[in-house]
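Some notes on the structure that comes next.
The values are calculated or read from the model by the stated rules, or taken from the named source; none is laboratory data. Fair warning: this is a prediction, and the values are worked out from it, not measured in the lab. In this analysis, Cβ positions are derived from the backbone assuming ideal geometry, glycine residues included, and neighbour counts consider all displayed protein chains.
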């Protein structure tokens, strides 16, 4: 195996681990090895590498209760890796980005020049890159997941849905499934929404 192939394989392993930990901090190394179809020793070595780089933080001592949390540095590195992978399929990424930009512009024909994003995962990251390529003002990220409120994404603190009315009027781009209990109508009266989930 060439050094280049080894590097890509290691990067892909790291990316898969970071992406999985973002959604489930309690997943075990054994379960990860099963999902990724590589041996446990390789997964363990990857975890040690990610922890040493400050991309993952281990919490707990008892092996049965250990949790692995992706750090803010880890989130940024995961995004960088994702765009590297997109680069290998640039045509796909370009189409997704262009679709987002077109929908943003078509839905923003009113005087509203501000845009916010609901969600913090991959589609939210791609959407953010599309937004900053326009002349629209970015308000911030919103989520109903209390565990990530006030954490930073691309230098912006993730805000509660309750704060929507304080930042409006603006166009809210939906990149994750909206909660069953929508914010009160009075909090949404100055906010337009655009669902981007259908483009994937």
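Structure above, values below:
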| quantity | calculated |
| --- | --- |
| Matching residues, segment 28-66, being touching a helix residue (DSSP H, G or I) at 6+ places or on another chain (Cβ under 9 Å) and within 22 Å of residue 153 (Cβ to Cβ) | 50, 53, 54, 55, 56, 57 |
| The one condition in (1) modelled with pLDDT of 75 or more; (2) in contact with a strand residue (DSSP E or B) (Cβ under 9 Å, 6 or more places away or on another chain) that residue 104 fails to fulfil | (1) |
